[in-house]
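Visitor: Okay, here's the structure, questions in a sec.
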Amino acid sequence: MSTREVVTRFAPSPTGHLHIGGVRTALFCWAWAKKNQGRFLLRVEDTDQARSSESSTRGILKDLAWLGIDWDEGPELADDEGVVLGGDPRSVGPFFQAKRLEIYTQHLNELIEKDCAYPAFDTAEELAELRSAAEAKKETFRYHRAEDYDRDDAIARMNAGESCVVRLRAPAQEIVVNDCVLGEVRFGAGELDDFVIRKADGYPTYHFAVVVDDELMGVTHVLRGQEHLMNTPRHQALQKVLGFGTPSYAHMPLIFNADGSKMSKRDKDKAARKACKAAGLKDSPVACIDDAEFTRWMGDKRSQLASDQLSWLGREMGVELPEIDVEDFRASGYVPEALCNYVALLGWNPGMKCEDGTDLERFSMAFLAEHFSLERIGKSNAKFDRAKLLSFNAHTLQTMEAGAFVSCWKDYLSLYQPEMLTRFDDSQFELLASMTQPRCKTLRDALEPISFVIAGDDEIVFDDKAVRKVLLKGEPSGLSFLAEIEPVLRAVEPFQADEIEEAIKAFCEAREIGMGKVAQPLRVAMTGLGVSPPLGQTLEILGQQAVLSRIDRCAAAHAT
RNA sequence: GGCCCCGUCGUCUAGCCAGGUUAGGACACCAGGUUUUCAUCCUGGUAACACGAGUUCGAAUCUCGUCGGGGUCACCA
């Protein structure tokens, strides 16, 4: 074994948001570096001038930081605690490929000189023609340099500034990829064609940039999705002619939707479009989409709206769009611990048992950093199971320390519902947190079990079924108990959960009735429903005055 | 279509490499129980080795074939 330091990298292209597949790749790269006390670096693959954007880069960095996937080298970003992630301690940057053009050019010229690469002048139309001709003959199109290619002439034309691409002369031998997950994968001689390594705009293609950067940045392990498997022989061919080493490769299984379709932002368009169709909308219901654009989008199933337009639309239509990107999951109230834990289980598992004999599935980032292994990465594709993720999220939330839950919830609210933070003081907030923490599955749902607190006393809507069952049925009726309990509650002092519970319990014992006889009518009076957090807390958070007023209002509304 | 990868409960998977398990777990689902309601929690249950050959005393595990699913075939990454 070489003693060389392990270096992994996550290399997103900044053309959109960080999605689930990217999370898993980043997480595994991170974990493998940690496991080996190596480095995890981040590199931005922005060689597609048209599609790359700075805001998308920022978004991806922010998402990774939120997830707890911190990088040792790469673009700098200050996290929530003010710790700066990234940097360039080994001087292997810059980490934006668009800033590395001279480096690529240097290696590229070398290849041209050795006649391992050559300029080509075909137009897009000519190439399309060749492709369709090959297809008509039921053959695979592979570009190869023409027999009568005039190298000197071509180089002269290139130097004269004529627009051209540079292609690699594909090796004729078989290429064997030794993959840590898949084993030996053989690609027959002649499978490769002369692929483009520099585009007409002067930027390297992905293949060329990746190979050069991985070498120069000392990357030892490339973990990526299986969709890249067919790229690997190209990369190895390039490494060979450039005189570079070949890193270890590990191609991970892919992640799909439950129905087997690709997880894509299109799913959001699809859900939103469906809702708009169901509502029979002709014009745009939101200001950020004009009617012409809306009509076009509705009519073209393949068209897509921008992310923020979609979220406005979703809110307006009252539909939940499927979460695709990290920020969707964050907005839906998922916490990074749960998300990372669940995603890590897609295509990997620790192969360990808990003390009770069940398989170990719930673990922290620290655990992953300690136990992650390449040989336990699976080979078969996985379907993303939202129900299981939700269960992980609920479990994480419910097992948090009370204080941790409060600060986590506050962070969430400050981002998505800041008005809630000013509405309650700290002690009220803590009480609310203790009421909702055991019953919420996501941070977004956290207001649900306590919505009766937010509603005004006279805004409580009584559920017919609950009223009939709890208030009207039985002899004596719930309504009569409500009347009897009012003076008891009026006398409770201080008006706090324990004291309230105590007083009600004493009342029930004196009357020789079960708690439910009084608790349920009170619940209906307070919330309109037969469901609420424990009664003491429910009454305490409302305060004595509101409790009495809600009892009165309930009694008045259902007096016969 | 060419090339490549994969195939264990509905889903994620353990077991496979070094053949012998009542094929285990988690989520979901169903049925009970605990709780003043809800949530939690507890107990139990339904449910899988894609198919066919071969090797073997014995195959989820090894071999071959069939079928099925997926990836990829750009001046995108």
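Every number here is computed from the coordinates shown, using simple stated rules; none is lab data. These numbers come from a predicted model, not from an experiment. Cβ placement follows ideal geometry from the backbone for every residue including glycine, while neighbour counts extend to all protein chains displayed.
Visitor: Using mean Cβ contacts within 10 Å as the protection proxy, how do A:154-164, A:367-377 order, highest first?
Guide: Highest to lowest by the protection proxy: A:367-377, A:154-164.
Visitor: What Kirkwood hydrodynamic radius, in Å, does chain A give when the mean of 1/r is taken over all pairs of distinct Cα atoms and then inverted?
Guide: 28.2 Å
Visitor: Taking the Cα of residue A:37, stepping 7 Å toward and past its beta carbon, and measuring to each backbone N in segment A:66-87: which are under 18 Å?
Guide: Those under the cut-off are A:72.
Visitor: While we're on this one: Please report A:362, A:100, A:9 as a ranked list, fewest other C-beta atoms within 10 angstrom at the top and most at the bottom. Don't skip to the end; give the middle numbers.
Guide: On the way: A:362 16, A:100 19, A:9 28.
Least to most surrounded, the residues fall as A:362, A:100, A:9.
Visitor: Then there's this: Over the residues of segment A:34-186, compute the C-alpha Rg and express it relative to 2.2 N^0.38 Å. Walk me through the numbers before you get to the answer.
Guide: On the way: Rg = 21.4 Å, N = 153, 2.2 N^0.38 = 14.9 Å.
Dividing the Cα Rg of segment A:34-186 by 2.2 N^0.38 Å gives 1.43.
Visitor: Looking at chain A, send over the antiparallel percent of its DSSP beta bridges, to the nearest 5.
Guide: Details: 19 of 34 bridges.
Approximately 55 percent, going by the DSSP bridge assignments.
Visitor: Something else now. When the Cα atoms of segment A:100-252 are enclosed in a convex hull and the volume is divided per residue, what value in Å³ results?
Guide: 125 Å³
Visitor: Nearest 0.05, what FRET efficiency do residue A:465 and residue A:356 give at R0 = 60 Å with Cβ-Cβ as r?
Guide: Calculated value: 0.90.
Visitor: Kindly provide the helix-only [θ] at 222 nm of chain A, computed as the sum of -39,500 (n - 2.57) over DSSP H runs of four or more divided by all residues, to the nearest 500 deg cm²/dmol?
Guide: Rounded to the nearest 500, the figure is -13500 deg cm²/dmol.
Visitor: Dividing the alpha-carbon radius of gyration of segment A:266-323 by 2.2 N^0.38 Å (N being the number of residues), what value is obtained?
Guide: 0.95
Visitor: Figure the gain on full extension for residue A:493 and residue A:53 (residue separation times 0.36 nm, minus the Cα-Cα span) and round it to one decimal in nm.
Guide: Going from the current span to full extension adds 152.3 nm.
Visitor: Taking the Cα centre of each part, how many Å lie between segment A:371-401 and segment A:325-365?
Guide: 3 Å
Visitor: Return the long-range amide H neighbours of residue A:117 (sequence gap of 5 or more, or a different chain), with a cut-off of under 5 Å between placed amide H atoms.
Guide: Counting only residues 5 or more places away or on other chains, the set is A:112, A:169.
Visitor: Using only Cα atoms, what is the ratio of the radius of gyration of segment A:171-318 to 2.2 N^0.38 Å? Please list the in-between numbers first.
Guide: Numbers: Rg = 22.2 Å, N = 148, 2.2 N^0.38 = 14.7 Å.
Against the compact-globule rule of thumb, the ratio is 1.51.
Visitor: Moving to a separate point now. Find the eigenvalues of the gyration tensor of the Cα atoms of segment A:62-119, then list the square roots of 5 times those eigenvalues as equivalent ellipsoid semi-axes, largest first, in whole angstrom.
Guide: Whole-Å semi-axes of the equivalent ellipsoid: 36, 11, 8.
Visitor: Quick one: 3J(HN,Hα) in Hz for segment A:239-255, Karplus 6.51/-1.76/1.60 with θ = phi - 60°, rounded, Gly and Pro as x.
Guide: Running phi through 6.51 cos²θ - 1.76 cosθ + 1.60 with θ = phi - 60° gives 4, 5, 6, 7, x, 8, x, 10, x, 6, 10, 9, 9, 8, x, 8, 10 Hz.
Visitor: Compute the acute angle (0 to 90°) between the alpha-carbon long axis of helix A:515-527 and the principal axis of greatest extent of the alpha-carbon atoms of chain A; round to the nearest 10°.
Guide: In chain A, helix A:515-527 runs at an angle near 60 degrees to the longest axis.
Visitor: Now a separate question. Can you work out ³J(HN,Hα) from phi for every residue in segment A:20-26, in order, using Karplus 6.51 cos²θ - 1.76 cosθ + 1.60 and θ = phi - 60°, giving whole Hz and x for Gly and Pro?
Guide: 4, x, x, 4, 5, 4, 4
Visitor: Report the residues of segment A:20-48 in range of a label on residue A:90: point 7 Å along Cα→C-beta, backbone N strictly under 11 Å from it.
Guide: Only A:38-42 fall inside the zone, counting backbone N under 11 Å.
Visitor: With labels modelled as points extended 7 Å from the Cα through the Cβ direction, what inter-label distance (nm, one decimal) is found for residue A:176 paired with residue A:228?
Guide: For the pair residue A:176/residue A:228, the computed spacing is 2.3 nm.
Visitor: Treating the Cα atoms of segment A:457-557 as identical point scatterers in vacuum, please give the log10 of the normalised Debye intensity I(q)/I(0) at q = 0.10, 0.14, 0.16, 0.23 Å⁻¹, two decimals.
Guide: -0.22, -0.44, -0.58, -1.29
Visitor: What translational D, rounded to a whole number of µm²/s, comes out for segment A:201-248 from Stokes-Einstein when the hydrodynamic radius is the Kirkwood one over Cα pairs, at 37 °C and 0.692 mPa s?
Guide: The estimated diffusion coefficient comes to 295 µm²/s.
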